[in-house]
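S.K.: One structure coming up, written as structure tokens, with questions to follow.
Bear in mind that the values in this text are calculations on the coordinates, not laboratory data. Bear in mind the structure is a predicted one, so any value in this text is a computation, not a measurement. Neighbour counts run over all protein chains shown; Cβ positions are idealised from the backbone, glycine included.
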Amino acid sequence: MLRYLEISWLMIRNSLIREMSFKGNFLLWITVDLLWFVGQLVFIEVLFESVDHIADWSKWEVILLFGTHQIIAQIFQAFFYINIANLPELVRTGRLDLMLVLPIDAQFAVSSRQFGPDNLINALLGACVVGFSLAQLHASPGPAAWILYAMAILFGVTVHYAIMFTFAVASFWIMRAQGLIYGYFHLFNLARYPAGIFPGVLRILLSSLIPVLLVTNVPARALARSAQTPWEGLLALGGATVFVVLASRLLWRRALRRYSSASS
């Protein structure tokens, strides 16, 4: 484990050096993400000019939900998104061979090659929004609620990673899997909204088959309503995390068995 942590730090440091070589690009992406997030908050403000609640969520609970989604999405993008999105190209060109001959786990090598520091800065913006929302709600979560919130965020990032990695692994069977990856990238934006606004069948699908609604609704509810700890939701999120991680790992191992390298 210490060896893999050391390798991860080296990859993160190399990515930081590369990003700082192009500071204008770094600042541009931070600005773009910031403007997009502010636009979402403006949308909520306009929406609540006409309603008092969405499902059973108040205005500041919804904003807390948006902030939680921002944290999870940006952490996922910082560590994993660009790496997973590049997997189909590695398979198509045969450059995956370089990952397979490394003396480390191939899935780890494929998943952690690049790091996006700008995304972590935008994750901090989401954390600020969460803190401000709690102040407006006059909520004071205790240490247990914060621990559960952190665990749920970790589960959420893992769920996003495992599901998108599973779609990327489809590139071993189909030529262009980018459509699946980008499609899921847009699908998990639905997690910004309260689960209660979706009709029954769709809500079940997005909470069980592709559990994107659990990813943000569970941690946001645990923090905003700390007196009503959602153990059922946390257990469902934890179970979904274990399932999708194991499924993605098994599919990856099966895909490698049928992979033909560039030299064979």
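S.K.: With labels modelled as points extended 7 Å from the Cα through the Cβ direction, what inter-label distance (nm, one decimal) is found for Leu102 paired with Val51?
M.R.: 4.5 nm
S.K.: Roughly how far apart, in whole Å, are the Cα centres of the stretch 184-207 and the stretch 18-69?
M.R.: Here the answer is 18 Å between Cα centres.
S.K.: Using the basic label-point model (7 angstrom from Cα toward the beta carbon), what is the Leu205 to Arg95 distance in nanometres?
M.R.: 3.5 nm
S.K.: Based on alpha-carbon atoms only, what is the radius of gyration of the chain relative to the globular estimate 2.2 N^0.38 Å?
M.R.: Computed over Cα atoms of the chain, the ratio equals 1.06.
S.K.: How far apart, in nm, are the 7 Å Cα→Cβ label points at Ile121 and Phe243?
M.R.: It works out to 3.9 nm between the two label points.
S.K.: Quote the convex hull volume per residue of the stretch 145-214, based on C-alpha atoms, as a whole number of Å³.
M.R.: 91 Å³
S.K.: With no solvent and one equal point scatterer per Cα, compute the Debye intensity ratio I(q)/I(0) for the stretch 95-136 at 0.20, 0.21 Å⁻¹ and report its log10, rounded to two decimals.
M.R.: -0.67, -0.70
S.K.: For the stretch 25-68, take the alpha-carbon Rg, divide it by the Kirkwood Rh, and send me Rg/Rh.
M.R.: 1.12
S.K.: Could you give the spread of the C-alpha atoms of the stretch 40-156 along their three principal axes, from largest to smallest, in whole angstroms?
M.R.: 56, 33, 24
S.K.: More than 11 angstrom separation, counting every C-alpha pair in the stretch 121-163; what % is that? Before the final figure, lay out the partial values.
M.R.: Working: 644 of 903 pairs.
Considering the stretch 121-163, 71 percent of its Cα-Cα pairs are separated by more than 11 Å.
S.K.: Would you compute, from DSSP H runs of 4+ residues alone, the mean residue ellipticity of the chain at 222 nm, taking -39500 (n - 2.57) per run and dividing by the full residue count, rounded to the nearest 500?
M.R.: -23500 deg cm²/dmol
S.K.: Moving on to the next point. List the residue ranges in the chain for DSSP H helices whose C-alpha atoms run 15 angstrom or more along the long axis and whose Kyte-Doolittle average is 1.6 or above.
M.R.: Passing helices, by number: 143-169.
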